[in-house]
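**Student:** Take this structure first; my questions come after.
The values are calculated or read from the model by the stated rules, or taken from the named source; none is laboratory data. Keep in mind that what you see is a predicted model, and the values were worked out from it rather than measured. Virtual Cβ from ideal backbone geometry, glycine too; neighbours counted across all protein chains shown. The area values use the complete protein model at the heavy-atom level, side chains included, leaving out ligands, DNA and RNA. Shrake-Rupley method; radii C 1.70, N 1.55, O 1.52, S 1.80 Å.
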Amino acid sequence: MTSHISASPRLWLIRHAQPLVRAGVCYGQLTLKADQLHTQESAKALDAALPQDWAELRCSPLERCVQLRDALLRFRDPDAITAHLDERLQEMDFGAWEGLRWDAIAPDALAAWTDDFPHYRPGLGESLAAMLARVSQALEQSCAIGRAAHKDVVWITHAGVIRCVHWLRTHGPDRMPAANEWTAPAPGYGDWITLAL
């Protein structure tokens, strides 16, 4: 878990707790619960790290993120919190690939994705370009709110969204990544990073 002390407002990028899914499964936007004990432990650590006040909290509507949001807000005064479910913070939609083991997906389909990484739609789901566009829109909006209030903004989201934020911060919204450039790390389950707004 990483937290930077700064007078400037920050964006907290928090990954949901450990999902209840077999290793090696493509799960994207699949409906999954997270481990309840890990969710509670993550919420407790977050409560200790987060400022007492923030500009807003945005949360992916997928159940594993909502679980962490609800657990965190039990430590806070709900009447003092601005919290939104935001579909733009969902993981990538992998379409027909969701629920399959990665090693069960046809090699030629994986190669086609690698060859046209930003525009290919895995499982006829969502392209990375479309995901970057929705995350960029949410990021711009949250940054404006946080800067205006001079308070931190909190996102409870997914590894793919956090990687999108890294890419957008480094390269901007117009440059699309090749597969070999999509290397930004994401925090572990229930962990987070912070970035200056």
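**Student:** For Ala96 and Leu195, what does the FRET efficiency come to when R0 = 25 Å and r is the distance between their Cβ atoms, rounded to the nearest 0.05?
**Tutor:** Taking R0 as 25 Å, the efficiency between Ala96 and Leu195 is 0.15.
**Student:** Projected onto the charge dipole of the chain (+1 at Lys/Arg Cβ, -1 at Asp/Glu Cβ, origin at the Cα centre), which of Leu32, Leu195, Ile105 gives the Cα projection farthest towards the positive end?
**Tutor:** Leu195
**Student:** Antiparallel versus total DSSP beta bridges in the chain: what percent is that, nearest 5?
**Tutor:** Roughly 35 percent of the DSSP beta bridges within the chain come out antiparallel.
**Student:** Please report how far the C-alpha centroid of region 65-93 lies from that of region 123-146, rounded to the nearest whole angstrom.
**Tutor:** 18 Å
**Student:** Next question. What number comes out for accessible area per residue over the chain if the probe is 1.4 Å? Units Å², please.
**Tutor:** Heavy-atom SASA per residue in the chain reads 47 Å².
**Student:** Still on this structure: For Asp116 and Ala148 in one chain, what is 0.36 nm times their gap in residues minus the Cα-Cα distance, to one decimal in nm?
**Tutor:** Going from the current span to full extension adds 7.7 nm.
**Student:** Ok, one more. Rounded to a whole number, what % of the accessible area of region 59-197 do carbon and sulfur atoms account for, probe 1.4 Å?
**Tutor:** Ligands and nucleic acids excluded, carbon and sulfur give 53 percent.
**Student:** Which of these, Gln137, Gln67, Gln36, has the largest mean-square fluctuation under a Gaussian network model of the chain (Cα springs below 10 Å)?
**Tutor:** Gln137
**Student:** Still on this structure, I have one more. Quick one: accessible surface of Val66, probe radius 1.4 Å, all protein chains present, in square angstrom to the nearest 10.
**Tutor:** Probe radius 1.4 Å; accessible area of Val66 about 30 Å².
**Student:** Summing Lys, Arg as +1 and Asp, Glu as -1, what charge do residues with Cβ under 14 Å from the Cβ of Glu56 carry, Glu56 excluded?
**Tutor:** Taking every other residue near Glu56 into account, the sum is +3.
**Student:** Would you mind checking the tilt of helix 128-149 against the longest principal axis of the Cα atoms of the chain, expressed as 0 to 90 degrees and rounded to 10?
**Tutor:** In the chain, helix 128-149 runs at an angle near 10 degrees to the longest axis.
**Student:** Under a crude label model (7 Å from the Cα following the beta-carbon direction), how far is Gln141 from Asp174 in nanometres?
**Tutor:** 2.4 nm
**Student:** Of Tyr27, Tyr120, which has the most accessible area and how do the rest follow, probe 1.4 Å?
**Tutor:** Solvent-accessible surface, decreasing: Tyr120, Tyr27.
**Student:** Which of Trp12, Trp155, Trp182 moves most in a GNM of the chain, Cα contacts under 10 Å?
**Tutor:** In this elastic network of the chain, the residue with the biggest mean-square fluctuation among Trp12, Trp155, Trp182 is Trp182.
**Student:** Among Lys44, Lys33, Lys151, what's the order by accessible area (1.4 angstrom probe), most exposed first?
**Tutor:** Lys44, Lys33, Lys151
**Student:** Something else about it: Taking the 0 to 90 degree range and rounding to the nearest ten, how far is the long axis of helix 159-171 tilted relative to the main principal axis of the chain, both from C-alpha atoms?
**Tutor:** Long axis of 159-171 versus the principal axis of the chain: about 90 degrees.
**Student:** Can you pull the semi-axes for region 1-117, root of five times each eigenvalue of the Cα gyration tensor, sorted largest first, whole Å?
**Tutor:** So the equivalent ellipsoid measures 32, 16, 13 Å along its semi-axes.
**Student:** Let me ask something else. If you compute semi-axes √(5λ) of the Cα gyration tensor in Å for the structure shown, which of (1) 23, 21, 18; (2) 25, 22, 15; (3) 29, 20, 13 do you land on?
**Tutor:** So the calculated entry is the one marked (3).
**Student:** Further question: Taking the chain as a Gaussian network, where each spring joins two C-alpha atoms under 10 Å apart, which residue of Arg22, Arg134, Arg69 fluctuates the most?
**Tutor:** The residue that fluctuates most here is Arg22.
**Student:** Suppose every K and R has +1 on its Cβ and every D and E has -1 on its Cβ; what is the size of the dipole of region 1-125 about the Cα centre, in Debye to the nearest 20?
**Tutor:** Using only the charged Cβ atoms, the result is roughly 280 debye.
**Student:** For every other residue with a beta carbon closer than 10 angstrom to the beta carbon of Val153, add +1 if it is Lys or Arg and -1 if Asp or Glu, then tell me the sum.
**Tutor:** +2
**Student:** Now for a separate question. How long is the gain from Glu181 to Leu20 if the chain were fully straight, where each residue apart is worth 0.36 nm and the alpha carbon distance is subtracted?
**Tutor:** 55.0 nm
**Student:** Go ahead and estimate [θ] at 222 nm for the chain from helices alone: -39,500 (n - 2.57) per DSSP H run with n ≥ 4, summed, over the residue count, rounded to 500.
**Tutor:** -11500 deg cm²/dmol
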